[in-house]
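Below is one structure; the comments refer to it alone.
The values are calculated or read from the model by the stated rules, or taken from the named source; none is laboratory data. Small disclaimer: the values here were computed from a predicted structure and weren't measured. Quick reminder, even Gly has a Cβ in these numbers, built from the backbone with ideal geometry, and neighbours come from all protein chains shown.
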Amino acid sequence: LASEPVPSRAGTVLYVVTLVLIAVWDLGGRSILHRDLPRFAVIAREMIAGGDWLVPQQHGKPYLNKPILFIWMVAGPSALFGDANAVLLRLPSALALVVTGLATCAWARARTGSLAIGRVAGLFVVTMFLTSELGRTGRPDMLAAACSTACAACLDRAALGRGTRRDPWWAGLALGAGLLSKGPVVMLVPAAVLS
C-alpha cells in the first residue's frame, strides 16, 4: 500500500479495510466497567425508552454534561438492536478512529504530495497507543478528535490550494459535528492551522 504511486481503487479499499480492521478488532472483548461507559449506556437506554432524543436523561434527570452527538451515535444503533452493549458503545469511537486515520492520510498527502506518506501517517495515527485506546474505549473524545482532524485537514488543503471548492464546506460540517461531540475544545487544532 505504501509504494503505490497513484491511488487505485483496490489499494484504497484495502487501506480502508485495514483501518477498519484495526479499529474494530476485539471491540466487545473487554467489559464496560469504566466510569464513562456505563453512564453512556444508561443515557442511551433512557433515550430509547423515553423517546426524548433532544434532552438526554440519566436516572430520570437531565444529563447536560456532554454534547449530544456521541449519545445519539450510541442510542441510534442500540434502538435498532434492542439495547446498548459493549460493541455498540464503542462503535462510534471505532468509526471515528477510522475517520481520523483517513483525514490524517488526506492531510499528509496534501502537505507532501505523496500517497505513500499519507497512508503511513494514517496508519501511524490509528496504531498509536493513545488514539487506538480512545478509539476502542467508547467516549466522545475520539469523535471530537476525528472531527477536529477532518476540519483542520480540509482547511489546510484549501489554504494550500490543493483541495476542492467544497473543502471549506466539509470543514464547517466537521467543525459543527465536533462541537456537537465535545464542545468548543474541538476548535483548537483548526484554529492553530489557520493561524
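When you check Gly138 against the structure, is it modelled with pLDDT of 95 or more and of a type outside the set (Phe, Trp, Tyr), yes or no? Against the criterion (modelled with pLDDT of 95 or more and of a type outside the set (Phe, Trp, Tyr)), Gly138 does not qualify.
With respect to Val189, is the statement that it is farther than 30 Å from Leu54 by Cα, in contact (Cβ under 8 Å) with a residue 12 or more places away in the chain and in a helix (DSSP H, G or I) true? For Val189, the condition - farther than 30 Å from Leu54 by Cα, in contact (Cβ under 8 Å) with a residue 12 or more places away in the chain and in a helix (DSSP H, G or I) - is not met. With a requirement of 3 or more residues that are hydrophobic (A, V, I, L, M, F, W, C) and crowded, with 23+ Cβ neighbours inside 10 Å, the helices (runs of 4 or more DSSP H) lying completely within segment 73-179 that satisfy it span 86-112, 140-160.
Looking only at residues of segment 50-72 that are outside any helix (DSSP H, G or I) and in contact with a Phe, Trp or Tyr (Cβ under 8 Å, 6 or more places away or on another chain), we find that the one that is surrounded by the fewest Cβ atoms within 10 Å (Cβ to Cβ) is Trp53.
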